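The values are calculated or read from the model by the stated rules, or taken from the named source; none is laboratory data. Please read these numbers as outputs of a predicted model, since none were measured by experiment. Cβ sites come from the backbone with ideal geometry, for glycine too, and all protein chains shown count toward neighbours.
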Amino acid sequence: MDWEKNKYTHADVVIVVPVKNESKYIQECVDSLIIAARGKAEIVIIDDGSNDDTCKILSIFGDRISLIQTRGIGPSACRNLVIDHTDKPLVAFTDGDCVVDAFWLDSLLAVLESEKYDCVGVGGLQSISLKASWNEKWNGQILEALSFVSDYLHHEGEIRRVHHNPTCNSLYETEALRRVGGFDEKLWPCEDLDLDMKISKDGGKLYVTPYAKVVHRRPETFISFCKMMSRYGKAHGKLAKKHKTLQMTGWISIFLFLPTLGLCLAGLGFQIFLFWLVSVIALSMLFVIRRRKVVFFLAGPYFLVPFFLWNLQFYRSILTRS
């Protein structure tokens, strides 16, 4: 790789992890961060009002981490606390249910410090935990199959420019975060997407590297998957109103629901059934093609309820004042 000489080191980075009730995964997360930090990057964990053993587990790490305790202020406000007060030129983010690769921070730094890319932020890849249950893996693979509709999940390939990197795996120049006012504290989830949209409008470039990897947990049940989709639908509606633009997910929603609305108004019930039958079959075929397994034909009907809930919250959010 023909890159310029490094201008940043691990000592220039503060790693920020907001958590709440993450006792199940937090020890493994912090263990991995300590290795990736190389004894130089600062690790700040914000326990945002946990009522489980999260804080107790964090206490065993002593001065290897900086622990801040807050009272339910939300992940955006937690991150902004560090952004506003750190003297480090770089801020890295991950989540409490993630395990970062040993070379995670090295790989992110290699891109951000390179004059070849001239970027203010960089992200990496996510994978499903090998310890995940069958249902968690199923939900995770459904999300991976749909990754082409957004930049939430990236795939192997070259270091390339992107529109968005989720905060489970990202590194930014602190000044770039401050210029756009940090994270929107009224928005969750999609606060990271909102941040990247603001950075892009400010002229900042974002890249992704396939060498920076984290293992990220997925919804463990169908119910938790549905709840997650509902939250994201609501947040995407808020984003659409805030930025007066639609993500690809929004355009797909309109493409499917406008014909449905037209058929409803025309009283064509059987045609609605046929339209959605064809749509579900097409979605099932997409899952089979993307995952290369026939069993994923069942993912089409499985995804129908979460998709409906996403759309319900999306349009409700758009049509209500907030």
Exercise for review: Tally the residues that are of a type in the set (A, V, I, L, M, F, W, C), assigned to a loop (DSSP other than H, G, I, E, B) and within 14 Å of D95 (Cα to Cα), restricting the search to the range 168-187.
Suggested key: 1
Point to revise | Answer residue from the range 73-112, given it is over 25 Å from E28 (Cα atoms) and buried (at least 21 other Cβ atoms within 10 Å of the Cβ) and is modelled with the highest pLDDT among those | key: V111
**Study point:** Matching entry among C119, C98, C55 (being in contact with a His (Cβ under 8 Å, 6 or more places away or on another chain) and under 25 Å from F183 (Cα atoms))
**Key:** C98
Check your understanding: Here are some residues: K131, K116, K198, K205. Which one is surrounded by fewer than 16 Cβ atoms within 10 Å (Cβ to Cβ) and touching a Gly at 6+ places or on another chain (Cβ under 9 Å)?
Key -> K205
**Study point:** Of all residues making up the range 130-151, the number that are among the hydroxyl-bearing types (S, T, Y), assigned to a loop (DSSP other than H, G, I, E, B) and without any contact (Cβ under 8 Å) to a residue 40 or more places away in the chain
**Key:** 0
Review point. Does the range 270-292 contain at least one residue that is touching a helix residue (DSSP H, G or I) at 6+ places or on another chain (Cβ under 9 Å), under 16 Å from L146 (Cβ atoms), buried (at least 21 other Cβ atoms within 10 Å of the Cβ) and at pLDDT 85 or above?
Key: no
Practice item. Take L193 and decide whether it is in a helix (DSSP H, G or I) and in contact with a His (Cβ under 6 Å, 6 or more places away or on another chain). Key: yes
Check your understanding: Inside the range 82-102, can you point out the residues that are out of contact with any strand residue (DSSP E or B) (no Cβ under 7 Å at 6 or more places or on another chain), part of a loop (DSSP other than H, G, I, E, B) and of a type outside the set (D, E, K, R)?
Key -> A102
Exercise for review: Return yes or no: is V30 touching an Asp or Glu at 6+ places or on another chain (Cβ under 6 Å), of a type in the set (V, I, T), crowded, with 18+ Cβ neighbours inside 10 Å and at pLDDT 95 or above?
Suggested key: no
Revision key, fill the gap. Of those in the range 12-65 that are more than 24 Å from L109 (Cβ to Cβ) and of a type in the set (S, T, N, Q), the residue nearest to the chain's Cα centre (by Cα) is N21
